[in-house]
Each structure stands twice: as C-alpha cells, then as structure tokens.
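**Student:** Structure in structure tokens, see below.
The values are calculated or read from the model by the stated rules, or taken from the named source; none is laboratory data. If you're wondering where the values come from, they're calculated on a predicted model, not measured in any experiment. Note that each Cβ is placed from the backbone with ideal geometry, even for glycine, and that neighbours are counted across all protein chains shown.
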Amino acid sequence: MKAKMRAAAVHAFGQPLVLEDRDIPVAGPGQILVKVEACGVCHTDVHAKNGDWPVKPALPFIPGHEGIGRVVALGAGVTAVKEGDRVGVPWLYSACGHCEHCLAAWETVCAEAQFGGYTKNGSFAEYVVADPNYVAHVPAGLTPTAAAPLICAGITSYKGIKETGARPGEWLAISGIGGLGHLAIQYAKAMGLHVIAIDPSDGKLAHATRLGADRVVNPQQGDPAEAVKKATGGGAHGVLITAPSLPAFKQGVGMTRKRGTCVLVGIPPGEFPTPLFDVVANCLTIRGSFVGTRGDMAEALAFGAEGKVKADIELQPLSAINDVLTRLEHGDVASRVVIDFAGAA
C-alpha cells in the first residue's frame with residue numbers, strides 16, 4: 001500500500017476545498033519531493049479556487065504557493081539541492097530557461113512558465129513535488145512560518161517597490177495595508193523611502209504607523225489623491241497598489257507625482273479605466289509587476305533573515321483552510337495566515 005498524505009484540493013470552482021488523503025507523490029527525473037512544514041495563504045488562492053481568471057487551473061488541483069519545507073527525496077539528475085535543505089516552493093514553479101525573457105532574468109513572464117498551486121499542485125498538502133531550479137533557498141535563521149509569506153507576499157511587494165523606481169528619500173504611496181501592504185511598508189522603510197499608507201480601515205492604518213509609515217490616509221474621509229498630493233508636496237514618486245480594488249487603481253494613478261510611476265500588483269476582476277489625459281499630460285508611467293524573479297526572491301528573503309522585514313502571521317491547521325479562505329475573501333484577515341503543518345520552530 002502506498003503511503004498517504006493529507007491534502008486540500010479544489011474539485012469544483014466556487015466550492016469549498018476537499019480535505020482528502022492522497023498518495024504521496026514521487027519525485028521524477030529533475031524533480032524534488034518536499035515535506036511541507038508551513039504554507040502561507042494568499043488571495044490568489046481564492047481566485048484559483050473560484051476560477052476567477054481567464055486561464056483556469058485544470059480540475060482537480062491542490063492550491064498553495066507559499067510552501068516551506070525540507071527536501072526529502074531527489075529525482076534523477078538533481079544537483080541544485082540536497083536532501084535536508086529547507087526550500088520554498090513559490091508561485092513561479094518553473095520556466096523554459098531559454099526564451100528572451102528567461103535569458104533577461106524575467107522568467108516570470110515566460111510563455112512556458114508553470115505556477116505552483118495553479119498549473120502545478122501546490123503546498124496545501126503534507127508533501128509537494130517541485131523543480132529544484134526554481135525553489136527558494138531559505139536562509140538560516142528564518143523559521144518555516146516566518147519565511148512562508150515572504151516567498152509570495154514579500155517578493156511581490158519588494159519587486160513592486162523596485163519597479164516604481166522610487167529612490168531613497170522619495171515618497172512611496174502604498175494602497176492596501178493587508179498581507180502585501182504591511183510587508184511593503186517594511187521593505188520601503190528598509191530601502192530608505194518615505195511611506196504614505198492608504199487603507200479604508202483605521203485599524204490597518206494604525207498598524208501601518210506602528211510599522212513605520214510616515215503618513216496615513218483613509219480614502220473614506222475625503223479624496224485620497226488630494227490628501228497624498230498635499231502630504232507629499234505634489235504626489236508620490238512611486239505608488240504601489242496592492243489592493244484588489246478597481247477604485248484603488250483609479251485613486252493610485254491620481255496620487256502619482258508628475259513623471260512618477262504607479263505599479264499595479266493587485267488583480268481585481270473587471271476592466272481598469274485609465275485617465276489618458278492625466279497619464280499623457282503628467283508623463284505618468286503605469287506598470288504591472290508580477291511576483292518576482294529568483295534574484296528578487298533571494299533579496300526579499302535576505303531582508304527577512306536580517307530582521308528588517310517580518311510578516312504578521314496567524315497560524316492555522318490545514319483543517320481550517322476553508323474558513324481561512326472565506327475570511328480572506330471577505331477581508332477578514334488582518335495580515336497573513338500561515339498553515340502550520342509541523343509546529344516547527
């Protein structure tokens with residue numbers, strides 16, 4: 001009889017995940033098997049479960065793309081990692097490695113990219129198969145539960161800040177102070193930026209202040225674009241939109257300084273009406289940023305290992321996954337939930 005593992009799988013879009021026993025997968029040639037210790041829960045998991053995006057996962061599938069664990073088996077030909085290494089199995093599961101984008105270290109937009117917890121089974125399971133060339137190498141000193149959010153929420157926030165082009169001493173506006181935004185504040189302060197946080201929750205704004213935000217704005221108490229312009233003397237040099245909200249996208253462009261850059265990382269459903277006159281007349285840049293590369297991953301984790309960035313986490317067991325996803329869908333998660341498989345320190 002084959003050994004079994006516990007997993008949470010999507011069998012029908014829009015329905016609760018099914019907690020089930022599955023055969024432990026086998027690492028084939030060029031693959032590794034990871035025993036999962038922790039896995040963060042991301043809003044993307046909600047989109048995956050609901051089939052919200054144009055390209056949908058093939059059913060059934062196991063979500064989860066913030067998995068951290070130990071390598072317990074190597075497939076033939078694997079040399080990039082060894083048994084016992086602690087690795088992260090992130091959103092970018094693999095890429096072709098030889099197209100123009102991969103050669104330019106932009107593997108996240110490779111046409112042949114595969115994605116963990118989406119096109120490949122993810123880490124809402126006790127074991128997961130991974131590509132050793134694309135796993136994150138977790139620095140010593142970072143616990144599994146602390147590292148898990150950094151390999152998605154962390155890298156996405158960090159890369160988005162880099163894409164704004166904002167320099168030390170300049171203003172960065174961060175819209176949405178949740179799982180991504182609370183990390184973005186910490187990365188931005190560590191990078192020498194002035195931070196203005198925007199969120200409709202006074203509780204999250206108070207949290208932002210504790211994390212080091214220099215100014216806070218509640219969009220329910222007036223025009224947030226005007227508030228940001230007043231506080232920053234003309235608008236933020238860089239704007240990072242983490243909120244999956246179309247109004248936040250529109251507000252973000254409005255609070256961008258002339259010749260500034262507004263970076264979009266949240267992915268709300270629907271179309272985004274762009275104020276073309278303002279974009280042209282103010283020489284604005286609107287840029288999408290999609291997670292981050294392996295190089296970005298190493299940098300994002302290094303901030304965590306050095307104690308400069310720390311996710312606020314709530315630990316839950318795998319058995320609570322449907323409750324966690326429901327809460328996340330309704331905005332009832334303060335920062336980041338991590339599924340704790342091992343209780344590892």
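**Student:** Among the residues that make up the range 220-231, is at least one of them of a type outside the set (Phe, Trp, Tyr), touching a Leu at 6+ places or on another chain (Cβ under 9 Å) and closer than 28 Å to Lys308 by Cα? Give the steps one after another, and end with the answer.
**Tutor:** Pass one, the range 220-231, residues of a type outside the set (Phe, Trp, Tyr): 220-231.
Next, from what is left, pick out any that are touching a Leu at 6+ places or on another chain (Cβ under 9 Å): none.
Scanning the range 220-231, I find no residue that is of a type outside the set (Phe, Trp, Tyr), touching a Leu at 6+ places or on another chain (Cβ under 9 Å) and closer than 28 Å to Lys308 by Cα, so the answer is no.
**Student:** Right, here's the next one. Would you be able to tell me the number of residues in the range 205-220 that are in a helix (DSSP H, G or I) and touching a helix residue (DSSP H, G or I) at 6+ places or on another chain (Cβ under 8 Å)? Break it down into steps so the answer makes sense when it comes.
**Tutor:** Residues of the range 205-220 in a helix (DSSP H, G or I): 205-211, 219-220.
Adding the requirement that they be touching a helix residue (DSSP H, G or I) at 6+ places or on another chain (Cβ under 8 Å) leaves 207-208, 211, 219.
Counting residues in the range 205-220 that are in a helix (DSSP H, G or I) and touching a helix residue (DSSP H, G or I) at 6+ places or on another chain (Cβ under 8 Å) gives 4.
**Student:** Considering each of Phe277, Phe290 in turn, give the residue that is of a type in the set (Phe, Trp, Tyr) and over 26 Å from Gln114 (Cα atoms). Walk me through how you get there before you give the answer.
**Tutor:** On the way: Phe290 fails: over 26 Å from Gln114 (Cα atoms).
None of the others qualify; the one that does is Phe277.
**Student:** Of all residues in the range 160-171, which are under 19 Å from Phe290 (Cβ atoms) and in contact with a Ser or Thr (Cβ under 7 Å, 6 or more places away or on another chain)?
**Tutor:** Hits for the range 160-171 are Gly160, Glu163, Thr164, Gly165.
**Student:** Also, I was wondering about something else. Quick test of your reading of the structure: Lys162 fulfils all but one of (1) crowded, with 19+ Cβ neighbours inside 10 Å; (2) modelled with pLDDT of 95 or more; (3) closer than 21 Å to Asp296 by Cα. Name the failing condition by number.
**Tutor:** That leaves (1) as the condition not met.
**Student:** Go through the residues of the range 255-275 one by one and say whether even a single one is surrounded by fewer than 19 Cβ atoms within 10 Å (Cβ to Cβ), of a type in the set (A, V, I, L, M, F, W, C), at pLDDT 95 or above and over 18 Å from the mean Cα position of the chain (by Cα). Talk me through it step by step, then tell me what you get.
**Tutor:** Taking the range 255-275 and keeping what is surrounded by fewer than 19 Cβ atoms within 10 Å (Cβ to Cβ), we get 258-259, 267-275.
After this cut, where a residue has to be of a type in the set (A, V, I, L, M, F, W, C) as well, the list is 267, 272.
Retained after the next criterion (residues that are at pLDDT 95 or above): none.
There is no residue in the range 255-275 that is surrounded by fewer than 19 Cβ atoms within 10 Å (Cβ to Cβ), of a type in the set (A, V, I, L, M, F, W, C), at pLDDT 95 or above and over 18 Å from the mean Cα position of the chain (by Cα).
**Student:** Would you call Val333 of a type in the set (Val, Ile, Thr) and within 16 Å of Leu142 (Cα to Cα)? Full working, then the answer.
**Tutor:** Working: of a type in the set (Val, Ile, Thr): yes; within 16 Å of Leu142 (Cα to Cα): no.
Spelling it out, it is not the case that Val333 is of a type in the set (Val, Ile, Thr) and within 16 Å of Leu142 (Cα to Cα).
**Student:** Name the pairs: first residue in the range 276-299 and in contact (Cβ under 8 Å) with a residue 24 or more places away in the chain and farther than 20 Å from Ile241 by Cα, second residue among the hydroxyl-bearing types (Ser, Thr, Tyr) and surrounded by fewer than 17 Cβ atoms within 10 Å (Cβ to Cβ), Cβ to Cβ under 7 Å, at least 6 apart or on different chains?
**Tutor:** Once the first residue is in contact (Cβ under 8 Å) with a residue 24 or more places away in the chain and farther than 20 Å from Ile241 by Cα and sits in the range 276-299, no partner that is among the hydroxyl-bearing types (Ser, Thr, Tyr) and surrounded by fewer than 17 Cβ atoms within 10 Å (Cβ to Cβ) comes close enough.
**Student:** What do you reckon, is Arg287 modelled with pLDDT of 95 or more, surrounded by fewer than 18 Cβ atoms within 10 Å (Cβ to Cβ), closer than 21 Å to Thr44 by Cβ and of a type outside the set (Gly, Ala, Ser)? Talk me through it step by step, then tell me what you get.
**Tutor:** Working: modelled with pLDDT of 95 or more: yes; surrounded by fewer than 18 Cβ atoms within 10 Å (Cβ to Cβ): yes; closer than 21 Å to Thr44 by Cβ: yes; of a type outside the set (Gly, Ala, Ser): yes.
Yes.
**Student:** Where residues in the range 92-131 are of a type in the set (Ser, Thr, Tyr) and touching a residue at least 60 places away in the same chain (Cβ under 8 Å), which of them is farthest from Arg6 (Cα to Cα)? Outline the logic, then answer.
**Tutor:** From the range 92-131, those of a type in the set (Ser, Thr, Tyr) are 93-94, 108, 118-119, 123, 127; that's our starting set.
After this cut, where a residue has to be touching a residue at least 60 places away in the same chain (Cβ under 8 Å) as well, the list is 108, 118-119, 123, 127.
Working: Thr108: 30, Tyr118: 18, Thr119: 20, Ser123: 11, Tyr127: 8 Å.
Across the range 92-131, the extreme among qualifying residues is Thr108.
**Student:** Going by the conditions given, is Val309 of a type in the set (A, V, I, L, M), at pLDDT 95 or above and closer than 14 Å to Cys42 by Cα? So that I can check it myself, show each step before the final result.
**Tutor:** On the way: of a type in the set (A, V, I, L, M): yes; at pLDDT 95 or above: yes; closer than 14 Å to Cys42 by Cα: no.
It is false that Val309 is of a type in the set (A, V, I, L, M), at pLDDT 95 or above and closer than 14 Å to Cys42 by Cα.
**Student:** Something else: Checking the conditions here, which among Ala197, Ala148 is under 20 Å from the mean Cα position of the chain (by Cα), of a type outside the set (Asp, Glu) and in the same structural domain as Phe115 (by TED's automatic domain parsing)? Break it down into steps so the answer makes sense when it comes.
**Tutor:** Working: Ala197 fails: in the same structural domain as Phe115 (by TED's automatic domain parsing).
Exactly one residue qualifies, and that residue is Ala148.
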